[in-house]
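Structure first, commentary second.
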Amino acid sequence: MTGLRILIADDHDVVRHGLVALIESQRGWEVCGQAENGQVAVDKAKELNPDVAILDIGMPVLNGLEATRQILRDNPRVAVLILTIMDAERVVQAARDVGARGYLLKSEAARVMIGAVKALQYGNTLFTARVAELFQSGYLENERDAKKRKTIVPTFGVREQAVLQLVAKGQSNRKVAEALGMSPRTVDSHRTNIMRKLGAHSVVGIILYALRNGIMPPTFEKSS
């Protein structure tokens, strides 16, 4: 098998190290770089020119979707595989929209990661069986089905998704503006639009949406 250079980005050290061990168990595969947040992933992808980038969707600074968009803007040849804890429909569609070639649940990673990377290596796409079921049922692409549901799932632009994730993590408008390179006024505008789309009246509504849709995994503080 030909050599393969892979970039791995996840803000959880244990997950990242586990992925590194799994990838490097394959002859000819090399983890050329690691990143703990989306911005570092973008920078390293530009520097290292990997064949495949495995990105957690719920990273700080830039989430996996925004990082994917920027990586592929700089180098469309990179095959991006998105990792997440949930198969939320709109998140899967967003991953496709920004150009990800695969979407994999973390609960399945240990079992199917090698096959997923091989699929991307040979120019194929990879979505989990559960995600495939969603597509076959028409949930992701049939707007008429969406109208039949009791809850209408809002659609967010890539920049709105990045703001949503950071706001859900408790970042102030100023911190979000610094992280995303935009003005506080623009962040406030995105935040207002997000809350309007969600029908939320406080940040709590944004946090609940992010958790329920796999955009931001729950975080537990270590006791001192």
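No lab work stands behind these numbers, since they all come straight from the coordinates. The model shown is predicted, which means the values in this text are computed figures rather than measured ones. Positions of Cβ are backbone-derived with ideal geometry, glycine not excepted, and every protein chain shown enters the neighbour counts.
Below are the figures for this structure:
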item: Under-5 Å amide H pairs with Leu4, H placed in peptide plane, nonlocal only; result: Trp29, Glu30
item: Neighbour net charge for Ala179 - beta-carbon separation under 13 angstrom, K R +1, D E -1; result: +2
item: Overall Cα dimensions of the stretch 158-212 - principal axes, largest extent first, Å; result: 27, 19, 18
item: Cα→Cβ-extended label distance, 7 Å offset, between Leu48 and Val15, nm; result: 1.7
item: Whole-Hz couplings from phi, Karplus 6.51/-1.76/1.60, listed for the stretch 176-191; x for Gly and Pro; result: 5, 4, 5, 5, 9, x, 10, 7, x, 5, 5, 4, 4, 5, 4, 4
item: Charge sum, other residues only, whose C-beta stays under 10 Å from Ala9's C-beta, Lys/Arg counted +1 and Asp/Glu -1; result: -2
item: The stretch 12-17 - phi-based ³J(HN,Hα) in whole Hz, Karplus 6.51/-1.76/1.60, Gly and Pro as x; result: 9, 4, 5, 5, 4, 5
item: Projected area, mean over directions - the stretch 4-137, Cα convex hull, nm²; result: 7.0
item: Distance between modelled label sites at Val203 and Glu24, nm, 7 Å Cα→Cβ extension; result: 3.8
